[in-house]
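Just so it is clear, none of the values below were taken in a lab; they were calculated from the coordinates. Since the model is a prediction, treat every value here as computed from it, not as a measurement. Don't worry about glycine lacking a Cβ; one is built from the backbone with ideal geometry, like all the others, and counts go over all protein chains shown.
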Amino acid sequence: MSRKPRPRSATIKDVAARVGVSPMTVSRVINGQSGVGPEARAAVEEAIRALGYTPNVAARSLVTAAEPRIGVIYSNPSAAFMSDFLIGVFEEASARGVRLTLLKGEGGKPPAEAQIAKLAASGVAGFLVTPPLGESAAMLEVLGETGLPMAAVGAHGVAKAICVRIDDRRAAYEMTRHLIDLGHRRLGFIVGNPDQAASAERLAGFRAAADEMGDVEVVIAQGDFSFASGLKAAEALLDADPMPSAIFASNDDMAAAVVSVAHRRQLDVPNALTVAGFDDTPAAVMLWPPLTTVHQPVRALASEALRLLAAEIAAPEGATAVHVDRVLEHGIVKRQSSAVYRVRP
């Protein structure tokens, strides 16, 4: 005899649908936040009782909390990037009276779905995600089910999310033009994680600048933004015949790996090999020679994303959602790892 299917528990979306409001409004009522009128609040409370919806115990404990709580989900193979990112988030959260709950994935991968669901059910008012997680379809689907606002740093065109980034394509184009202007005509490029839109954008910018000149040869190697992948890519590029006179890596960690391999091969940087990176993290100035790199304002990106997310959480019900694609300025930082091309003996 077949078993009867177990009845499905009511969800926050069920409550919202019954009242005709957004899941965010239901979350605000549960968490005791402002921005919900008395009639809507009463209707939500009645729907919760009628449907037997039971909010997570952690969410109930927030009813008297004055500060909103935001879940920060992060996983990035670059420790230098994450250091700058978290500093920007912590400073902005402190200034705005926002509490943070951190959830970490490993190796650039999202946390387990159960961990994400647990965070979503804990009473957070929104989510802030780091690259590359802002482009993880599986994770975005889980977060989208909550109906809560989300901000993604470094992501391109994520629906129903606040995206804060730089113009990766333009930045890579400008760095490549800088290398060309130094006289380099055989360029190596290390691509970042193939699952990130930023990687494709940076490669497109590099190719656009090289194609524009007509006399530039390029050699491409695949990386994933980690130092280890940069070592492997550098070996492949420096084994090319002829080898490139300049290598542009998609982040500073991989560029640092190129410098390391060059030193081991007794190649003088920058006289025998120019190296350029991307991000301008602390790693860029902690090796010799210091890296010429694209300055990506990581702290400012994190801070702006949290600011916009906090503003959306605090906005009254019915206000226009702050779903934006905010692009911050980048820059080209010229240091000792780049030099004018010299013909090798």
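If the chain linking S94 and R342 were pulled fully straight, counting 0.36 nm for each residue of separation and taking away their Cα-Cα distance, it would gain 84.2 nm. Our summary gives the chain a relative contact order of 17 percent, counting only alpha carbon pairs under 8 angstrom and 6 or more residues apart. Simple point charges give the picture: +1 on the Cβ of Lys and Arg, -1 on the Cβ of Asp and Glu, and for segment 157-295 a dipole about the Cα centre of about 120 debye.
List I313, I180 from most exposed to least, where exposure is judged by having the fewest other Cβ atoms within 10 Å.
Details: I313 22, I180 19.
Final ranking by Cβ density, sparse to dense: I180, I313.
Could you tell me whether segment 168-297 comes out rounded, prolate or oblate from its Cα gyration tensor? Rule is a ≥ b ≥ c as square roots of the eigenvalues, rounded for a/c under 1.5, then prolate if a/b exceeds b/c, otherwise oblate. Since a/c stays below 1.5, the shape of segment 168-297 is classed as rounded. Distance between the 7 Å Cα→Cβ label points at A315 and S83: 3.6 nm. When the chain is treated as a GNM, springs tying every alpha-carbon pair under 10 Å, which of G154, G37, G223 comes out with the largest mean-square fluctuation? Residue with maximal mean-square fluctuation among G154, G37, G223: G37. Against the main long axis of the alpha-carbon atoms of the chain, helix 252-264 sits at an angle near 30°.
Taking amide H atoms as placed 1.01 Å from N in the peptide plane, the amide H of N193 lies under 5 Å from those of F225, each 5 or more residues away in sequence or on another chain. Note that the chain, at 20 °C in a medium of 1.002 mPa s, gets a Stokes-Einstein diffusion coefficient of 98 µm²/s from its Kirkwood radius over C-alpha pairs. Spin-label model, R49 to K334: label points 7 Å out along the Cα-to-beta-carbon direction sit 7.2 nm apart. Sorting H184, H156 from the fewest to the most surrounding beta carbons within 10 angstrom yields H156, H184. Comparing M150, M213, M254 in a Gaussian network model of the chain (Cα springs below 10 Å), the most mobile by mean-square fluctuation is M213.
Scan the chain and hand back the longest stretch that contains none of the GluC sites (Glu not before Pro) lying in DSSP loops with at most 11 other Cβ atoms within 10 Å. Maximal segment without exposed cleavage sites: 107-328. The simple Förster model, with R0 at 41 Å and r as the Cβ-Cβ distance, assigns I220 and S22 a FRET efficiency of 0.35.
When the helix-only estimate is applied to the chain (DSSP H runs of n ≥ 4, each -39,500 (n - 2.57), divided by the residue count), what is the mean residue ellipticity at 222 nm, nearest 500 deg cm²/dmol? Present the calculation step by step, with values, prior to reporting the outcome.
Numbers: 12 runs with 144 residues, N = 345.
-13000 deg cm²/dmol, from helical runs alone.
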